[in-house]
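Read through the structure below, which is laid out as structure tokens, and then see the notes.
The values are calculated or read from the model by the stated rules, or taken from the named source; none is laboratory data. Keep in mind that this is a model prediction, so the values were computed, not measured. Don't worry about glycine lacking a Cβ; one is built from the backbone with ideal geometry, like all the others, and counts go over all protein chains shown.
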2 protein chains.
Amino acid sequence: MTKDGKKTNGIVTLKEVAAALGLSTMTVSRALNDRPNVNPETKKRIQEVATKMGYTPNHVAKSLVSNRTYTIGVVIPEIGHAFFPEVVRGIDEISSEANYQIFLTNSSEDFEKEKRSIEALRAKRVDGILVSTSIKSTDFSFFENLKNTGIKIVFFDRCIYNLGISCIGVNDRVASRQITEHLIKNGYKKIAYLSGPPEVTIGRERLAGFREALTNAGIEINEDRIVETGLTEIDGKEAMNKLLALPKQDRPDAVATVNDPSALGAIEAIKEYGLSIPEDIAIVGFTNEVRASIIDPPLTTINQPAYDVGKRAAYKLLRTIENENEPVENVELIANLVIRKSCGSNS
Amino acid sequence: MTKDGKKTNGIVTLKEVAAALGLSTMTVSRALNDRPNVNPETKKRIQEVATKMGYTPNHVAKSLVSNRTYTIGVVIPEIGHAFFPEVVRGIDEISSEANYQIFLTNSSEDFEKEKRSIEALRAKRVDGILVSTSIKSTDFSFFENLKNTGIKIVFFDRCIYNLGISCIGVNDRVASRQITEHLIKNGYKKIAYLSGPPEVTIGRERLAGFREALTNAGIEINEDRIVETGLTEIDGKEAMNKLLALPKQDRPDAVATVNDPSALGAIEAIKEYGLSIPEDIAIVGFTNEVRASIIDPPLTTINQPAYDVGKRAAYKLLRTIENENEPVENVELIANLVIRKSCGSNS
DNA sequence: TTGTACGCGTTATCAA
DNA sequence: TTGATAACGCGTACAA
């Protein structure tokens with residue numbers, strides 16, 4: 001304020017508009033929000049003056065009164081993974097249509113940062129949170145407590161079950177089984193698996209699908225060919241190098257992986273080792289990210305509908321926010337096999 | 001509220017903590033904000049009870065008083081372009097360190113959506129906005145008016161100049177000239193250019209760099225070989241097909257492009273046409289996105305430091321917010337040449 | 001050291 | 001149809 005009581009801050013308030021018109025704030029508020037019980041002519045005058053003065057409603061004040069911010073938090077583990085930007089695009093699509101804004105936070109697979117972000121989102125009083133857990137999110141009680149504070153949560157892609165929280169994912173286990181079955185159909189017997197971290201659902205589910213396929217086909221599972229790894233190129237390359245170091249008779253003739261980045265890392269390792277794909281070793285991924293179709297050879301993989309996951313997750317969260325009795329749901333979108341060259345198929 | 005005046009809403013307020021302790025809200029507020037003049041023992045008791053009750057400060061209320069939200073808006077044109085997620089990662093890095101949250105909005109290259117998003121961000125009273133303009137953002141007056149409302153703005157990557165707004169970009173023109181010079185050095189003479197939309201800075205600057213290189217080398221510019229295109233794979237493919245349709249003697253022996261996606265589209269067109277890269281036609285990109293190194297042949301391109309652009313832009317915005325007299329600045333980060341196979345070099 | 005009063009910008013409620 | 005008042009949750013300024 002200056003000495004004479006005028007604002008120095010340029011932002012026009014309802015009160016100022018009202019003063020300029022010689023009306024009460026309530027009348028102005030009603031007019032600007034298209035409420036009934038305002039004289040049409042008064043309303044018109046108000047709208048004109050408000051526009052002329054450059055009035056913008058202050059949502060902070062509105063939120064304080066209404067206990068609603070029309071804001072949702074989005075917590076993702078790594079925006080650098082090509083899958084997530086697509087998910088975010090889907091979330092943005094739905095939430096912007098519904099006039100919600102999204103707070104994006106990137107945990108960098110760091111559970112501590114994830115927790116701090118969520119605390120900050122709570123302080124900002126978001127109406128709900130979409131979460132894909134970081135690898136290290138093993139502390140289930142955190143999300144349980146979070147849920148008990150009453151905030152609406154929906155998990156996507158990487159979920160924690162049995163917490164009464166909805167989850168939007170894909171049919172990881174079935175898809176993983178299918179792509180492994182495809183390798184088996186192509187005649188491979190010594191199939192290895194680069195397994196993701198068991199702390200995240202996708203790690204566990206995809207590994208389970210892999211095991212099912214082998215078991216169903218009557219192929220004995222050689223545990224030495226299952227290598228636990230991370231979710232990045234570097235992790236995949238390292239893990240593949242371990243497999244390549246096996247005695248020649250134990251070396252796999254095909255490799256299934258937890259995701260495309262690890263498959264791409266593995267491809268690099270195989271090439272550097274001097275072997276051919278798929279002639280010496282076939283390989284398949286999981287994600288169908290943007291590089292899968294252009295790598296040499298093109299990567300057979302599972303197409304995860306990232307954009308749809310985002311849309312569905314956002315939709316479910318908005319329903320959960322706006323509908324008192326929205327049921328808890330586990331949605332599995334269909335992720336389908338995309339056959340390219342890396343698996344030794346030509347069909 | 002229920003009839004007896006108790007909250008049904010689970011969120012605990014300062015007042016409730018105070019009531020539980022038989023103290024005033026002020027004492028509780030002071031204790032929880034580590035202010036002086038609180039009896040250490042009282043403070044301890046307060047902190048314990050607050051934690052037990054699950055109290056979280058309400059930033060909405062704080063913001064209303066302080067006129068600061070510790071929130072910034074990020075407006076990007078297309079999160080599907082691999083460049084932008086990396087920028088966002090940089091922005092998140094800086095802003096989360098400073099305890100700011102980011103509102104992410106994706107305009108999908110749609111100026112109307114961009115404007116709506118920015119209005120919404122204003123209503124939410126963000127402390128500042130980071131903007132990379134959509135292709136269609138030709139209405140300079142919009143940003144001029146926006147700036148006049150007093151909100152802090154910083155442009156990144158795609159800027160509008162002469163508005164007194166800081167810009168964090170890369171040395172587009174120089175880098176574009178350098179990569180073109182590299183083609184010239186490799187002996188190419190009939191160099192074509194897939195030019196981006198002239199409405200965005202990157203379109204204009206990179207084309208200017210291309211022209212400079214040819215002019216400096218005394219090569220006459222054949223305007224038929226400059227094709228205006230969009231920024232996506234499809235655009236690049238279309239534009240390349242136009243060049244391939246030229247009479248054989250006019251067909252380029254090398255192509256420079258406005259960005260990697262258009263280069264990738266062009267590569268597809270060239271391959272489908274049955275020509276070899278770089279033997280028949282050399283090609284270079286601009287961005288160094290994630291696919292550039294794995295496409296066949298690997299793409300010579302300009303490495304744009306996306307993550308650093310994000311960090312610098314966020315840093316500049318935070319300084320502009322927190323520092324009354326922060327100067328307007330045009331920052332050009334260095335984007336350097338990455339030589340791979342597609343340009344016919346082996347060094 | 002602790003407490004009271006007030007205001008931030010808006011809307012719900014009740015009165016005129 | 002319009003207006004006065006209180007309230008949302010918190011912190012500043014001042015008083016006790």
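Within the bounds of segment A:251-265, is there any residue that is surrounded by fewer than 21 Cβ atoms within 10 Å (Cβ to Cβ) and either basic (K, R) or farther than 24 Å from A:V290 by Cα (or both)? Yes, some residue in segment A:251-265 is surrounded by fewer than 21 Cβ atoms within 10 Å (Cβ to Cβ) and either basic (K, R) or farther than 24 Å from A:V290 by Cα (or both).
To keep it simple, each residue is scored yes or no on (1) in contact with a Lys or Arg (Cβ under 9 Å, 6 or more places away or on another chain); (2) assigned by TED's automatic domain parsing to the domain that holds A:K311.
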| residue | (1), (2) |
| --- | --- |
| A:V38 | yes, no |
| A:T42 | no, no |
| A:R125 | yes, yes |
| A:S137 | yes, yes |
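Among the residues of segment B:66-99, those identified as among the aliphatic types (A, V, I, L, M) and modelled with pLDDT of 95 or more are B:I72, B:V74, B:V75, B:I76, B:I79, B:V87, B:V88, B:I91, B:I94, B:A98. Note on segment B:1-120: enclosed helices (runs of 4 or more DSSP H) holding 3 or more residues that are more than 14 Å from DNA strand D (Cβ to nearest atom) are B:40-53, B:83-97. Inspect segment A:84-93 for any residue being of a type outside the set (A, V, I, L, M), within 11 Å of DNA strand C (Cβ to nearest atom) and either over 19 Å from B:R116 (Cα atoms) or within 14 Å of chain B (Cβ to nearest Cβ) (or both) and give the result as yes or no. Scanning segment A:84-93 turns up no residue that is of a type outside the set (A, V, I, L, M), within 11 Å of DNA strand C (Cβ to nearest atom) and either over 19 Å from B:R116 (Cα atoms) or within 14 Å of chain B (Cβ to nearest Cβ) (or both).
B:I221 is checked against (1) more than 18 Å from the chain's Cα centre (by Cα); (2) among the β-branched types (V, I, T); (3) surrounded by 24 or more Cβ atoms within 10 Å (Cβ to Cβ) and fails just one. What number does that condition carry? Every listed condition holds for B:I221 apart from (3). Quick check on segment A:57-68: of everything there that is more than 7 Å from every other protein chain (Cβ to nearest Cβ) and closer than 18 Å to A:L318 by Cα, which residue is farthest from DNA strand C (Cβ to nearest atom)? Among those that are more than 7 Å from every other protein chain (Cβ to nearest Cβ) and closer than 18 Å to A:L318 by Cα, it is A:R68. Could you tell me whether segment A:36-56 includes any residue that is crowded, with 23+ Cβ neighbours inside 10 Å, farther than 30 Å from A:L231 by Cα and within 16 Å of DNA strand C (Cβ to nearest atom)? Within segment A:36-56, one or more residues are crowded, with 23+ Cβ neighbours inside 10 Å, farther than 30 Å from A:L231 by Cα and within 16 Å of DNA strand C (Cβ to nearest atom).
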